[in-house]
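Student: Starting off with a structure, shown below.
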Amino acid sequence: MFNDASYQFRWENLGDIEPGRPNLGNQTHVAVYRLMQFTPREVLVSNFGVEKTKARPFASGKLAGREFRRSDSHTTKPPAQP
């Protein structure tokens, strides 16, 4: 994925989540997600500066929203809560 400059994200790249994370289940602690948010941010700021880094989440969110809308995921109900 990172070796190919022509890589473009598609919803299908997420794959089947359940077998992809057998030890985490569907209730991963929010700290795991924050870790994956704040550590890349620190690396980006140190490499590109604050202003360029601030623009990246907006561009990523736009891509995520477009792909989410294109997928069928928004039409299915979330799993029932225990």
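The values are calculated or read from the model by the stated rules, or taken from the named source; none is laboratory data. Here the structure is a predicted model, which is why all the values come from computation and not from measurement. Please note: Cβ atoms are built from the backbone with ideal geometry, for glycine as well, and neighbour counts cover all protein chains shown. SASA here: full protein model, heavy atoms, side chains in, ligands and nucleic acids out. Shrake-Rupley method; radii C 1.70, N 1.55, O 1.52, S 1.80 Å.
Student: Considering each residue of the range 16-31, count those that are surrounded by 10 or more Cβ atoms within 10 Å (Cβ to Cβ) and modelled with pLDDT of 75 or more, and give that number.
Tutor: 1
Student: Within the range 32-44, how many residues turn out to be at pLDDT below 85 and either assigned to a loop (DSSP other than H, G, I, E, B) or of a type in the set (A, V, I, L, M, F, W, C) (or both)?
Tutor: Going through the range 32-44 one residue at a time, the tally reaches 2.
Student: Of all residues in the range 45-58, which are open to solvent by 60 Å² or more (accessible area, probe 1.4 Å) and either of a type outside the set (Val, Ile, Thr) or not in a helix (DSSP H, G or I) (or both)?
Tutor: Correct list: SER46, ASN47, PHE48, GLU51, LYS52, LYS54, ARG56, PRO57, PHE58.
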